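**Q** Have a look at the structure that comes next, please.
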Amino acid sequence: MGKITTVGVDLAKNVFALHGVDRSGKVVLKKTVSRARLLEEFSNLPACLVGMEACSGSHHWARQWERQGHTVRLMAVQFVRPYRKSEKNDANDACAICEAVSRPSMRFVPVKSVEQQAVLALHRARAGLVEMRTAVVNRLRGLLSEFGVVLPVGTQKLRRAMPEILEDGENGSPGLAREALAEHYALLGDLDQRIAVYDRRIEQLARQGEPSRRLMQIEGIGPITASAVVATVGDAKLFDSGRQFAAWLGLTPKQRSSGGKLRHGRISKRGDPYLRTLLILGTRAVMSRTQDKTDPKSNWVEALKARRGRHKAAVALAAKQARTIWALLAKAENYQSPRSAHSAAN
């Protein structure tokens, strides 16, 4: 049996499929291993290239195998899929991963450190609470509408109206319904407090780190976005350019070009949807103030809004922000706002 040089691993909860080849590409390892024996299995292998799809648990296993002397590469699922030659099962997935990781043009996902994943755990927990809060607000609106109480759009308007609604005995809501409404309103306050705790913790972490402080100089980038970007990206120099970074975030348009004709569609929405959402929400806040400014960036945004509409302009500005983020992280530079640059030029 030849010496194993490359191993593809199909990750799962309890049983893992391994597919290994030697230098000539001949299959020399094809088996399934339980979770309890996975580290032992790799400790018996010679130092080799290990490929995995970037998914839940992949960063943990990558760190473990790197300590054993292996070279680990993570890949996005959509880049591995074309290499699967037959039906989808664990063995064929491991074979496809082994084939994909050996391609010289393959793009890899950097392995995250424990510290990065700890910060992202705070973000994921906070995002879950925000989703719960949104669900509670929507449920309150739905329950109130059943009794003819329809509130204006806006969470803050609901918060202001709820105490009066609960105290008003003439609005037609029975005692049982009023009790459920009061419990949900109390739950909304509890979620607000818990989210505020996460906000303070994330802001504290963001202000402690020099890269995140640099990103917070950009308009529309606050502690939450800056912290999430630094924890997710790691080393920005892994990207060749700001446009590649924006494409990794899914902010660049899909191409359906053929015969020399360029056809651009909607944005690809690849990458982390959490980061993409934070950037677009930040640009919407920036765009609410651009009509009162005269710097080149604000003029560009206003012209784009008039030509393409507010939603497309927000995405385009988010892509521009992503390129700026890459430049600040990759080149370790401070941000110079368009207003200050415009004033200096004049």
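The values are calculated or read from the model by the stated rules, or taken from the named source; none is laboratory data. The structure displayed is predicted, hence computed values, not measured ones. Don't worry about glycine lacking a Cβ; one is built from the backbone with ideal geometry, like all the others, and counts go over all protein chains shown.
**Q** Restricted to region 120-172, and to residues that are touching a residue at least 60 places away in the same chain (Cβ under 8 Å) and crowded, with 16+ Cβ neighbours inside 10 Å, which residue is farthest from the chain's Cα centre (by Cα)?
**A** Arg133
**Q** Within region 29-54, which residues are surrounded by fewer than 18 Cβ atoms within 10 Å (Cβ to Cβ), more than 30 Å from the chain's Cα centre (by Cα) and not polar (S, T, N, Q)?
**A** Lys30, Lys31, Val33, Ala36, Arg37, Glu40, Glu41, Pro46, Ala47
**Q** What tally of residues in region 70-119 results from selecting those that are surrounded by fewer than 20 Cβ atoms within 10 Å (Cβ to Cβ), in a helix (DSSP H, G or I) and touching a strand residue (DSSP E or B) at 6+ places or on another chain (Cβ under 7 Å)?
**A** Summing the residues that are surrounded by fewer than 20 Cβ atoms within 10 Å (Cβ to Cβ), in a helix (DSSP H, G or I) and touching a strand residue (DSSP E or B) at 6+ places or on another chain (Cβ under 7 Å) in region 70-119 gives 3.
**Q** Please pick out the residue among Arg323, Arg307 that is surrounded by fewer than 18 Cβ atoms within 10 Å (Cβ to Cβ) and in contact (Cβ under 8 Å) with a residue 60 or more places away in the chain. Lay out the reasoning, then the answer.
**A** Numbers: Arg307 fails: in contact (Cβ under 8 Å) with a residue 60 or more places away in the chain.
After applying the criteria, what remains is Arg323.
**Q** Let me ask something additional. Take the conditions closer than 21 Å to Ala76 by Cβ, among the basic types (Lys, Arg) and loosely packed, with under 15 Cβ neighbours inside 10 Å and apply them to Lys261. Does it pass? Explain how you work it out, then say what you get.
**A** Numbers: closer than 21 Å to Ala76 by Cβ: no; among the basic types (Lys, Arg): yes; loosely packed, with under 15 Cβ neighbours inside 10 Å: yes.
Here the answer is no, as Lys261 does not meet what is asked.
**Q** Same structure again: Go through region 213-290 and tell me which helices (runs of 4 or more DSSP H), entirely inside it, have 1 or more residues that are within 19 Å of the chain's Cα centre (by Cα) and not assigned by TED's automatic domain parsing to the domain that holds Leu317.
**A** Those helices (runs of 4 or more DSSP H) span 223-233.
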